[in-house]
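The values are calculated or read from the model by the stated rules, or taken from the named source; none is laboratory data. The model shown is predicted, which means the values in this text are computed figures rather than measured ones. Cβ placement follows ideal geometry from the backbone for every residue including glycine, while neighbour counts extend to all protein chains displayed. Areas reflect the complete protein model, heavy atoms only, side chains present, ligands, DNA and RNA absent. Shrake-Rupley method; radii C 1.70, N 1.55, O 1.52, S 1.80 Å.
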Amino acid sequence: MISLGLDVGSRTIVLVAMDEGIADSVILETGVNPLRRCQELLAERSYQKLVITGYGRHLVSSALGGETVSEIRSYAVGAKYLYPDCCTVIDVGGQDCKVTLLSAEGEMLKFEMNDRCAAGSGKFLEVMSKTLEVDIGGFSDLALGASRVVHINSLCTVFAESEVVSLISRGVESSAIAMALHEAIAARITSMVRRIGARDRVVFAGGAALNKCLCRLVSEKLDIEITVPPEPQIVGALGAALIAKAGAHFQNAVIEETKPRAFK
Amino acid sequence: MTTTDNRQMWEELGIDLKKHDMLMNALPPIYKEIYLSQKSRPKGMGFFDFVVGDIHGIRVQELRQHAKNGTIVVATYCVFVPDEIILAAEAIPVGLCAGAQFSVPIAEEVLPRNTCALIKSSFGFKLGRICPYVQTSHLIVGETTCDGKKKMFEILSESHPVYVMEVPNKKTQLSRELWRGEVKSFKDVIEKKTGNKITADKLAKATKLVNDRRRALQRLYKARQSNPVPISGKDALLVTQVSFYDDVSRCIQQVNALCDELEKRIADGKGVFPSNAPRILISGSPMAIPNWKLHHILETAGAVVVCEESCTGTRMFSDLVPETGGTLEEQIKAIADRYIQIHCACFTPNEERLDDILRLAREYKVDGIVHYNLQFCHTYANEAVKVERALAKEGIPLLRVETDYSDEDAGQLRTRIDAFLEMIRR
Ligand code: SF4
Ligand code: SF4
């Protein structure tokens, strides 16, 4: 049986196919017509079950069918599957940042998610890297090369951008500014993690987890080791696929799958 | 009444017709999507649909008719302003709506952006001349419940007669005395404005009337304690919202008729949501009409809102004024003492609100609580810290939401609400 998990995010669309284990995964840019993207992706495949997550989940499921699950839950399930001892999940995606606390059995106990603004999300990093004229891939390396410390006080994307502009005009080198921006977003993420009271093991997933500088700063600030899965962007789609696989009573079924002994 | 009559009336009221048309055209499709699409609604909601469908028509016409006959119309924003006093002077109280995004950008031309949406919305309605209720009213009564409103009223008073009541910040003996004095002065102000003397007899009658409205709403909320719940949270919220500005006697009658139907539904075990739908209590800032955003997201996500611990909810009607009669002074004191019992976050300390939330959570058998905070409302935002602690201690799941009237964050809210429901669903 093939179960599909589809994560329709603001930046990327991720598909994970499962039979016994992970059979296949695909990552595409979301583009301007996510529905068509998903249609094309699914048209090529045969599958028995589909669960959709991500901010576009309701749009896609009402057009193409399939159950929906929030990204918060799908990330939790995916992370727990990869690391059965995971108790905290940090997921920094395109538009938001979420931190979820899990019980040993994998139940969601609590979560935090940023309100309205994009501060502390992948979007923030993207906007700022543009302002500094580096591509998002090189942004982390640029920051890691900083040789002095400056500060960005504002977490608001709009205000931070004007702070950046004024730092540039004062002749501050872009590596230091890049570092300051990483510091700002890491501070935002860690304050959310602290609010929730993180417990070991902490898994950092989502697209922004590809950013080494950010991972390092979050880990330093929390003074805790964090685990970044090999493909951090697919964790949500993986969770959705697991939920699809487990069927209607997914909560219990998935827990059994991940924690065969601890459950009951 | 025909549309042309309405247009003429709006014109006479000095309404900015162009803007007003935009607002009026925006409302029906929203109402259709949010309200009329609901399944198995009680028949008794028909009246409320009608009122909203003609929101700036028939009721305004009524008020204008009264005004032409010499009756004074008094507009209010907050549940601290005692309707009893207004009614006893044969004036008409109308609660103003301040729940529309439409007037927010207009207000932002003057007020700071980081002001709560309720303040901006109400101010924008006056500034933009789009609210026929404000235009019909002879006096706006404000209060000092928060700094933003307090200062907004100063600016508002440049374009409309405004009177501000001072609500104290503590519930000490001294504060109580100040508030009694405030209610008494309010009586004088209203008497002067209307030219009518408030007698003990009239005040006792008005008190009974306002209590009857409270009783009707209590009855409605009581029905919501049943499982399955006979009415959606959205519909119940609408009833509360309409009760702020509709004619008091008619409102009582309509709410009671609705309750008859709901009680029949309960007896038949009929509900609007399956009995395993997560039951949610919303607590926090008020939701003025047409602010239905949070209820709508929750209820389309499969939950049902069973109670609002808010000023468009229990804080409006849970306490009655004792109907013991007595002299005018005694009655005014009883009224003042009832109003200062409202557990608004403007008070410090305000531990009673925490007790209320816990009690309501039990009474309505809720599965989770959503703390609703209008962005930039600092009293409720800070009090949420204590709410969070109190609920954690009792093991009641809580989701804190901070938002405004715009739709920008609907996606994010939906994600948080979906996840919250996944968490509490058994
Ligand atoms: S929250 Fe406080 S200030 Fe606002 S309407 Fe209620 S009582 Fe008045
Ligand atoms: S919601 Fe808060 S900030 Fe807004 S008017 Fe009411 S008390 Fe003031």
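Some notes on this structure:
- Over chain B, Cα pairs under 8 Å with separation of 6+ residues give a relative contact order of 18 percent.
- Extension gain, B:VAL110 to B:LEU36: 0.36 nm times the residue separation minus the Cα-Cα distance gives 23.0 nm.
- For B:LEU220, net neighbour charge (Lys/Arg +1, Asp/Glu -1) across residues whose Cβ lies under 12 Å away: +1
- Euclidean distance between Cα centres, the range A:1-62 to the range B:39-117, Å: 47
- Convex hull of Cα atoms in the protein assembly as shown, direction-averaged projection (nm²): 33.1
- Projecting the Cα atoms of B:ILE332, B:ALA392, B:ILE357 onto the charge dipole of the range B:276-399 (Cβ charges, centred on the Cα centre) puts B:ALA392 farthest toward the positive pole.
- Cα-based Rg / Dmax (Å) for chain B: 20.6, 61
- Direction-averaged projected area, Cα convex hull, the range B:220-283: 4.4 nm², rounded to one decimal.
- Chain B - mean residue ellipticity at 222 nm from DSSP helices (-39,500 (n - 2.57) per run, n ≥ 4, rounded to 500): -16500 deg cm²/dmol
- Kirkwood hydrodynamic radius over Cα pairs of the range B:313-426, then Stokes diffusion coefficient at 4 °C and 1.567 mPa s, in µm²/s: 79
- Trypsin sites (Lys or Arg not before Pro) restricted to the range A:129-190 and DSSP loop, no more than 16 other C-beta within 10 Å: A:ARG148, A:ARG170
- Cut-off 13 Å between beta-carbons: net charge of the residues surrounding A:ASP19, Lys and Arg +1, Asp and Glu -1: +1
- Neighbouring Cβ atoms from other chains, within 10 Å of the Cβ of residues in B:404-417, number 4 on average.
- Here the range A:86-228 has an Rg and Dmax of 15.0, 53 Å, counting Cα atoms alone.
- Neighbourhood charge, 10 Å Cβ-Cβ cut-off, centred on A:LYS221 and excluding it, Lys, Arg +1 and Asp, Glu -1: -1
- Dipole magnitude of chain B about its Cα centre (Cβ charges: Lys, Arg +1; Asp, Glu -1), debye to nearest 20: 620
- Projected label distance in nm at B:ASP268 and B:LYS208, using a 7 Å step from Cα toward the beta-carbon: 3.5
- Förster radius 56 Å - calculated FRET efficiency between B:LYS68 and A:LEU64, Cβ distance, rounded to 0.05: 0.40
- Under the convention that each Lys and Arg Cβ holds +1 and each Asp and Glu Cβ holds -1, the size of the dipole of the range B:182-303 around its Cα centre is about 340 debye.
- Taking packing as the residue-averaged number of other Cβ atoms within 10 angstrom, the listed peptides B:391-399, B:242-250, A:98-106, B:96-104 run from highest to lowest as B:96-104, A:98-106, B:242-250, B:391-399.
- With a Förster radius of 35 Å applied to the beta-carbon distance between B:ASP407 and B:THR324, the computed FRET efficiency rounds to 0.10.
- Each semi-axis of the equivalent ellipsoid for the range B:171-250 is √(5λ) with λ an eigenvalue of the Cα gyration tensor; in descending order they amount to 33, 18, 12 Å.
- Computed across chain A, the Kirkwood hydrodynamic radius from all distinct Cα-Cα pairs reaches 18.8 Å.
- If the chain linking A:SER103 and A:GLU20 were pulled fully straight, counting 0.36 nm for each residue of separation and taking away their Cα-Cα distance, it would gain 27.4 nm.
- Note on A:102-114: average number of Cβ atoms from other chains within 10 Å of each residue's Cβ is 2.
- Neighbouring partner chain Cβ atoms per residue of B:390-401, average, 10 Å criterion: 1
- Relative contact order for the range A:86-228: 31 percent, from Cα pairs under 8 Å spaced at least 6 residues apart, divided by residue count.
- Sites B:GLU166 and A:LYS130, calculated FRET efficiency, Cβ-Cβ separation with R0 51 Å, nearest 0.05: 0.50
- Solvent-accessible area of A:LYS221, all protein chains in place: 70 Å² (probe radius 1.4 Å, heavy atoms, ligands and nucleic acids excluded).
- Extension reserve of the A:ILE168-A:GLU220 stretch, reckoned as 0.36 nm per residue once the Cα distance is removed: 16.0 nm
- The H on the amide N of B:ARG400, modeled in the peptide plane, is under 5 Å from the matching H of B:HIS371, each at least 5 residues off or on a different chain.
- Rounded to whole Å, sorted largest first: equivalent-ellipsoid semi-axes of the range B:231-344, Cα gyration tensor: 30, 18, 13
- Relative contact order for chain A, counting Cα pairs under 8 Å that sit 6 or more residues apart, in percent: 25
- Taking A:ALA160, A:ALA209, A:ALA186 as the candidate residues, the one with maximal mean-square fluctuation in a Gaussian network model of chain A, Cα springs under 10 Å, is A:ALA160.
- Applying the criteria of a DSSP loop state and at most 14 other Cβ atoms within 10 Å to the trypsin sites (Lys or Arg not before Pro) of the range A:1-82 yields A:ARG45.
- For B:LYS222, the solvent-accessible surface with a 1.4 Å probe is about 130 Å², rounded to the nearest 10.
- Listed residue (A:VAL26, A:ILE90, A:ALA180) projecting farthest to the positive dipole end of the protein assembly as shown, Cβ model: A:ILE90
- Label-reachable residues, the range B:220-237, where backbone N falls under 19 Å from a point 7 Å from B:ALA257's Cα toward its Cβ: B:220-221, B:231-232, B:235-237
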